[in-house]
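What follows is calculated from the coordinates using simple rules that are stated; it is not laboratory data. Fair warning: this is a prediction, and the values are worked out from it, not measured in the lab. Methodologically, a virtual Cβ is constructed for each residue, glycine included, from the backbone with ideal geometry; neighbour enumeration extends over all protein chains shown.
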Amino acid sequence: MKRRDFIEKTAASTALLSLGLSMSSFTSADVKHITILHTNDVHSHIDPFPADDPRNANMGGVSRRAALIDVIRKENPNVLLLDAGDIFQGTPYFNYYGGELEFKLMSMMKYDASTIGNHDFDNGVEGLYAQMPHAKFEFISSNYDFKNTVMDGLVKPYKIFNKDGIKIGVFGLGIQLDGLVDKLMYKETIFNDPVETAHDMVRILKKEQKCDLVICLSHLGYKYRDEPNKMCDLKLAEQTQDIDLIIGGHTHTFLDKPTIVKNKAGEDVLVNQVGCYGINLGRIDFYLNNDKTKSSQGKSIIV
């Protein structure tokens, strides 16, 4: 066994034990194992950083991410691959292709869904619309109302995935566009309150659709030290319930592992974000028993 593989396997075992669980706890056929892989704020970074980059030398790159995802899918076929927005803007690839390359590559990697970030409006709502035929994955945004734009009907408020008999409900939340994005870019897109929207989505996904896992793809930001009252992922977790995982974006926050937050019902919510530019791939593993009790572990994997 290679040294790196040994270290990763040992670290994973340690994480399980820290939750009071042994590896044997997950050998039963009655336990369902779901793996969530995720990215955020990739910002059109297709190539790895060059060897002489002062901060991220030889890190990232779509081909490396694709290879890593393929290895994980061979370990566990029950994988969801998600993105928390800001796919566009950041390299000449976007300036030249307008997002076509990004969507095509994500489709080749078999992303399941993405939410929409503020920079995904950088070529206007029409520019986003023009690239939609290249995306073979779902766009999910629950609090952006596109009814008076060309994007009407192309974005879903939520999506339910079924993996090994486990129902996984995914919804998306975008940041307030006013003051952040030129009005000419997002046109008549309406922003609705994220917390109120989350309550509605959770009611549908958990109460009505009986989802076993509920995931929020958020582009609200992890937290804001200079704006303590601004809505963010940590506040969203505290003010809602029945969300199992918030996958975040926007603030380019690097977390080695998910933050655990108590929701309004006193239950644990995982909040994770893996920085930016495709440098890391987030991995969250959920283990569900027959009675649908859950345990989880998570980490950030360097690409």
Requested in this report: Provide the net charge surrounding Gly98, with neighbours chosen by a C-beta distance below 13 Å and charges set as Lys +1, Arg +1, Asp -1, Glu -1.
Outcome: -4
Report task. Arrange the following residues from fewest to most other Cβ atoms within 10 Å of their Cβ: Ile140, Ile72, Ile246. Result -> Ile72, Ile140, Ile246
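Considering only the other residues whose Cβ falls under 9 Å of the Cβ of Thr251, what net charge follows from Lys and Arg at +1 and Asp and Glu at -1?
With Lys, Arg at +1 and Asp, Glu at -1, the neighbours total -1.
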Query - Beta bridge orientation in the chain: antiparallel %, DSSP, nearest 5 - result: 55 percent
**Report entry** Neighbour-count order for Ser141, Ser295, Ser300, Ser107, fewest beta carbons within 10 angstrom listed first
**Finding:** Ser107, Ser295, Ser300, Ser141
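What is the calculated FRET efficiency for Tyr96 to Glu208, with r their C-beta to C-beta distance and R₀ = 51 Å, to the nearest 0.05?
With R0 = 51 Å, the Cβ-Cβ based efficiency is 0.70.
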Report summary line: Checking Asp164, Asp53, Asp145 against a Gaussian network model of the chain (alpha-carbon springs below 10 Å), the top fluctuating residue turns out to be Asp53
Report summary line: Mean separation of Cα contacts under 8 Å (at least 6 apart) over the residue count of the chain, i.e. the relative contact order in percent, is 20 percent
Query raised in the report: Within a Cβ distance under 10 Å of Lys262, other residues only, what is the Lys/Arg minus Asp/Glu net charge?
Result: -2
